[in-house]
Every structure is written in structure tokens, then in C-alpha cells.
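Shown next, in C-alpha cells, is the structure this report addresses.
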Amino acid sequence: MKAIVVMFDSLNRRHLPAYGANGVHAPNFARLAERATVFDNCYAGSMPCMPARREMHTGRHNFLHRGWGPLEPFDDSAPQLLTDAGVHTHLVTDHAHYWEDGGATYHNRFRTYEFFRGQEGDFWQGQVADPEPVADLKRVRRPAYRQDQVNRRYLADEADHPQTRTFDAGLHFLDVNHGEDGWFLQIETFDPHEPFFSYPRWHDLYPEDYEGPELDWPDYAQVLETPEQVTHVRNRYAALLSMCDRSLGRVLDRMDEFDLWRDTLLMVVTDHGFLLGEHGWWGKNVPPWYDETIHTPLFVRDPRAGAAGERRSALVQTIDFGPTLLEWFGLPRPPDMQGRPLRDVVAADEPVREAALFGGFGGHVSVTDGRYVYMRAPATEANAPLAEYTLMPTHMAARFAPEELRGAELAPPFAFTKGVPVLRTPGQAMSNPYAFGTLLFDLHEDPAQERPLVDDELELRMIRLLLGLMRETDAPAEQYERLGLPAHGDPGEGHLQVRRQWTQVETAREPIRRDDYPDGPLSAHSPLRELLADPGARAVLQVWVPGLLEGPLAAMAGGLSLVEIAAAAVGLLPRAKLTAVSDALISDDQKLPDGRTS
């Protein structure tokens, strides 16, 4: 038996021909759709990158118990199970998160692996002198931004690009091993994840008159750019996607050459999508997981099914990928895996679940039945309680700090930890979902999710689906309390939340616009560090937004204006508060809310 998984990162299905895209050059994705089965209702689960990969390994949800982190000692890993059964598992990737603290246990589950450096802010090439400044629109310039500018000097030729080298390595594995049996190859590229860095021949596919500053790495924030700049970013994403299409085509060519379609399972997958201005946002993580980010493309070629070119409507998730690989190689699915093999879905569209669960740690907890989507926000602005359960206390790129662990305690085992107790520490969310409120959508009537519903009967039905999946996942008690839901028993009218949080829903949907705020010597457009250096402006901020005066945000966002901070940190500076601060800053006497002057 042989299997290939081709994995892209941040692949938005709405940019693929098989999912209705027009004007995107992706002939090999179209070619793939003719040779494989196309899934119309695949949903990611735990977000973002490494939580999604933990799901793919373990076949169960991650995000209710912890955030970004490694595989746990009690986790069942599909690649490890295959390796232990004698399958030669091989990973080729340029995904730098595997080599950070928060991803350090994933690649070692493969028997062999290769890694190619240089994507995003991968701390790769050492250069002491700062690179030449680039005229671009990037607002948040952390160390990874500087490193990316250094890295690009070494990627001038497309042959040197990490994506190209990753696929080169995958094709080399096929050249050497196509005649052998008992192997699994995962070809995984970070693209088309931001930054959307590609080459002129791909840019030429999307001609434009744009002559402004470059922007191929938008911040995770509300869109403050002009329509021309938004189009430019989308063109850069499309260009990188077309480069990915070319790499995919190279794999399909090898499958033709070696007749691998006959006896090889092929899965082409992604972890999540990306917002390119939809809902007024760039990226992911901060807003709820809208359709563009969570409803993902999936292509499966199972030689046993004879379903090439067909489509499937059954509701599937990333937790099904690991079980599908195990079933293909004839291995049993461990009891802790929630996912289901996709063999019968491919063959006959047989359902494997009634509903799908998704979200990010400390964010909305969401459920869909394939038509309706329910996004449950926390019951209070505190977004608490929230606890992280782990035996591998690391964040994305760092270990837990001692102060995070001083209050840690050993908690009893969960149903899936194989009798092993786990460490409970205070949890921290990436943003506060309370500001967006609880949302309910009908994807059939409103596929763009522009018209949230208020429907008590429907909400109650979706709450029941959500609770069923949370209980099946053995969610921690804190999650039920945080969301205002019962840990046991049936929900009732008192647990309805859409109507109660409707003001937040409406407020969050009002965009932040630069032109709404007047300029001045010190204004909402001034960098935060300049406002903090002025006694009068600092006094205004002390009253209206004291959280901006100190702590990590002040250090990280010192170069951002209040408008730009409001566009990223939803809830911290809602429109009404931003307007009041703006008025106070530009007035001659800088009035404070109690009538005093600064």
C-alpha cells in the first residue's frame, strides 16, 4: 500500500476552480478535481496551524483543552502508528513551526524527514546589519518581519524557494521508491500562507496598474487599506496560489508517469483558509472562524472507490485524515480517535457525523451541521474561566515562563489521556471573542455570512449539537462556565445568547475607517509612543484606555496609531470609545470624560 498527502497552508477554497473560482490560474487543481473526489463540506477543527496538525495526527479535537503546542505523551499519532507497523513514513516540509518549541514533537513521528528553510520569518540566515528598508504597508514589524527581509535575499531564484525545494524532495522520494510497497509520503508546504512572496512570472498572471507600496504580508486586523491596495494583496495571494498549483502539477505528473493512480491513496488538504478582506478583515485568529477560513477544500483519490471527478456532500473534518490513512493501511483506529475513515464517504457519500466542531483556544466555540453555523461567544467580557491542560508546556515559539507555572496544579486525567493526570495552568486567549458576540448563520441562504440570524428555536437546536460534541470531546469544566452552558443536562431558554449579545454583534460589524477620525499634531493617527510621551495625551489615555499605557501591548504596538490598534484589538477600542479619545486628543484643552481638562 502507498499513500501521498499533499498539504498546503492557508489554502482558501474560494480561490480554486473546483469551488467556483473565476480568474485564478490553477489548471492543476482543476486537473486534480477530474482525477479525485471533491468534498464540498470539509471543515477544519482546532485552529490555527499546529493545533490543526495535532488533529491530523490524533484524530481528535485540541482547542478546548489547550492552545498551540506539541503532541502530548498520551497522544495517538497516525504517522507514528504507521511507522510502528512497518510503513516507511517520510515528511518533506518547509513549515518552520515544526522546528519551534510548540511543534517539536510532530516531525519525529515520521521515520524520515527533510526540512527546507526560509519561509515567513523563519530565523534562518544570520545578518547583523539591518536589511535595506522596504517601502511597504506592513504595520506590525516584529523580529520575524526583519528576518523575512533577510531571508528573501537568499530566495532570488525560484529554484531556491522553500516551496520548490520541498516539492523537489517529495518527487525525489517518488523517483526512488515508486516501485516499492508500504510507504506514506507527506509533501507539506507553508504556502500560500502569508507573506505572499512569489516571482514575476506568477505576478504577470494578474496584471494591475497598481504603483503603490508593496503589501504581501497583511496584519491580522481590520482592513484599513484602499480598494486598490486590497486588490493588490489579493493578486499577490493569487500569484502564490498559482505557484502552488505548478508544484501540485509536478506531483500529478509523477503519478501519471509511474501509474500511481492505480494503487496509491492521494489526499490534497489544508489546515485552514485566509480572509482577504472578506468581513472587513485580513488573516485569521482575531475574528470568528468564518467560512473563508474554516470551510476548507479537500480532494481524495481512493483507487478502491472509482469516484474520480465526483463530488461528495457528507460533512467531514480534519480529524478524519489520520483515521483515513490508518484504514488504508489496514490498521485499527485507536479508541481515542474521534475522526472516521473516509473510505465509504468517497465510495458512496455515506455520512460520518451529524455536526462538526471548530474553534481556537479561548475563542468562539462553533458548530455546523453543514447548513447552519453557530458561533458561541463567552458569556461575559472576562472570557473566563480559561485553563490550559498539558504535559508539554510550550507556546508557539517559547516554553512556558516560570510565572505561568507557579500556580500550576496536577489535574485528574481526561478520558483521552490514558489514565495520565495533566498540568492545569491559567489559559490566555489570542483575542477576546466577546466583542463579536454570539453568531448564527444560514449558509444556504447567506453563504457570505453577511446576515446573522436571531432565531431562538434554531439556536437551541445548535446549542444541543454543540454540547453533544463538547461532551464527546470531554471538554474541561471551565469551557462550559466560560460559554454559559450546562455541563450536564439539556439546555433551555436561559442559555440562549444571540439575542442577548446582539448589540455586540452589530457593533463589531461596523468597520474602523481612517477617514472617520480627524488628524492633528496629536490625534488618533499618531503613533502610540508619541501619545505616551506627551503628558496631556497620556492623561487622556490613562482615563479612556489605561491598558495601553503599560504591558506588552504598549511595547509591541508603540509604532501603531490608535486607529490601527482599534482595527486589530477588537473590543479594546470600540468605535464609540475611539471617537471620544480622538475628540479629546484634537481639542485644544484635551477634555477628559468627567469634564476635567488635561
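The values are calculated or read from the model by the stated rules, or taken from the named source; none is laboratory data. All of these numbers come straight from a predicted model, not from anything done at the bench. Backbone-built Cβ (ideal geometry, glycine too); neighbour counts: all protein chains shown. Keep in mind that these areas ignore ligands, DNA and RNA; they rest on the heavy atoms of the full protein, side chains included. Shrake-Rupley method; radii C 1.70, N 1.55, O 1.52, S 1.80 Å.
Taking the listed residues Ala52, Ala85, Ala78, Ala104, the one that is farther than 20 Å from Pro323 by Cβ and of a type in the set (A, V, I, L, M) is Ala104, with no other qualifying. Among all residues of region 207-221, there is none that is under 22 Å from the mean Cα position of the chain (by Cα), within 28 Å of Phe115 (Cβ to Cβ) and among the small types (Gly, Ala, Ser). The condition of being more than 24 Å from Arg53 (Cβ to Cβ), modelled with pLDDT under 95 and of a type in the set (Asp, Glu) does not hold for Asp175.
Results for (1) open to solvent by 10 Å² or more (accessible area, probe 1.4 Å); (2) farther than 28 Å from Leu171 by Cα, shown as yes or no for each residue.
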{"position": "His15", "(1), (2)": "yes, no"}
{"position": "Tyr19", "(1), (2)": "yes, no"}
{"position": "Asn28", "(1), (2)": "yes, no"}
{"position": "Phe39", "(1), (2)": "no, no"}
{"position": "Gly45", "(1), (2)": "no, yes"}
{"position": "Cys49", "(1), (2)": "no, no"}
{"position": "Arg54", "(1), (2)": "yes, no"}
{"position": "Asp76", "(1), (2)": "yes, yes"}
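Applying the set (1) closer than 30 Å to Pro335 by Cβ; (2) touching a residue at least 12 places away in the same chain (Cβ under 8 Å) to Pro452 leaves exactly one unmet item: (1). Restricted to region 351-448, the set of strands (runs of 3 or more DSSP E) holding at least 1 residues that are in contact (Cβ under 8 Å) with a residue 40 or more places away in the chain comprises 356-360, 365-368, 372-376, 387-390, 422-426, 439-442.
For Phe358, the conditions (1) buried (at least 22 other Cβ atoms within 10 Å of the Cβ); (2) touching a Phe, Trp or Tyr at 6+ places or on another chain (Cβ under 7 Å); (3) farther than 18 Å from Met470 by Cα all hold with the exception of (3).
Selection of region 206-215 for residues being buried (at least 17 other Cβ atoms within 10 Å of the Cβ) and modelled with pLDDT of 95 or more yields only Tyr206. Yes or no: Arg109 in contact (Cβ under 8 Å) with a residue 12 or more places away in the chain and surrounded by fewer than 21 Cβ atoms within 10 Å (Cβ to Cβ)? Answer is yes for this residue. No other residue among Leu531, Leu496, Leu485 is under 22 Å from Val140 (Cα atoms) and open to solvent by less than 40 Å² (accessible area, probe 1.4 Å) apart from Leu531. Among the residues making up region 420-445, those that are open to solvent by less than 30 Å² (accessible area, probe 1.4 Å), closer than 24 Å to Arg575 by Cβ and not hydrophobic (A, V, I, L, M, F, W, C) are Pro433, Gly437, Thr438. Taking every residue in region 113-139 that is of a type in the set (Ser, Thr, Tyr) and pairing it with any residue that is not in a loop (DSSP other than H, G, I, E, B), at least 6 positions away or on another chain, the pairs with Cβ-Cβ distances below 7 Å are Tyr113/His90; Tyr113/Leu91; Tyr113/His107.
Residues considered: Gly339, Gly322. Of these, the only one that is assigned to a loop (DSSP other than H, G, I, E, B), small (Gly, Ala, Ser) and in contact with a helix residue (DSSP H, G or I) (Cβ under 8 Å, 6 or more places away or on another chain) is Gly339. Checked against (1) assigned to a helix (DSSP H, G or I); (2) more than 30 Å from Ala144 (Cα to Cα); (3) open to solvent by 20 Å² or more (accessible area, probe 1.4 Å), Pro303 passes all but condition (1). Might you let me know whether region 33-51 holds any residue that is without any contact (Cβ under 8 Å) to a residue 24 or more places away in the chain and touching a Pro at 6+ places or on another chain (Cβ under 8 Å)? No, the conditions are met nowhere in region 33-51.
In region 449-465, the qualifying residues are those that are within 25 Å of the chain's Cα centre (by Cα) and assigned to a helix (DSSP H, G or I), and the one that is surrounded by the fewest Cβ atoms within 10 Å (Cβ to Cβ) is Leu465. Looking at the structure I just gave you, is Asp344 more than 21 Å from Arg451 (Cβ to Cβ), open to solvent by 40 Å² or more (accessible area, probe 1.4 Å) and in contact with a Lys or Arg (Cβ under 6 Å, 6 or more places away or on another chain)? Here the answer is no, as Asp344 does not meet what is asked. Determine whether Arg514 is touching a helix residue (DSSP H, G or I) at 6+ places or on another chain (Cβ under 6 Å) and open to solvent by 50 Å² or more (accessible area, probe 1.4 Å). Yes, satisfied. Can you find, within region 397-419, the residue that is nearest to the chain's Cα centre (by Cα) among those that are closer than 23 Å to Glu472 by Cα and open to solvent by 50 Å² or more (accessible area, probe 1.4 Å)? The extreme case among them is Ala415.
Only one entry of Phe361, Phe416 meets the criterion of being in contact with an Asp or Glu (Cβ under 6 Å, 6 or more places away or on another chain), of a type outside the set (Ser, Thr, Tyr) and closer than 25 Å to Leu485 by Cα, and that entry is Phe416. Here Pro218 fulfils each of the conditions (1) open to solvent by 10 Å² or more (accessible area, probe 1.4 Å); (2) outside any helix (DSSP H, G or I) apart from (1). State which residue is surrounded by the fewest Cβ atoms within 10 Å (Cβ to Cβ) when the search covers only region 119-148 and only residues that are hydrophobic (A, V, I, L, M, F, W, C) and at pLDDT 95 or above. Top of the filtered list is Val128.
On the stretch given as region 165-205, residues that are under 26 Å from the mean Cα position of the chain (by Cα), more than 23 Å from Gln80 (Cα to Cα) and of a type outside the set (Asp, Glu) total 10.
Taking the criterion of being surrounded by fewer than 18 Cβ atoms within 10 Å (Cβ to Cβ), among the aliphatic types (A, V, I, L, M) and not in a helix (DSSP H, G or I), no residue of region 471-482 qualifies.
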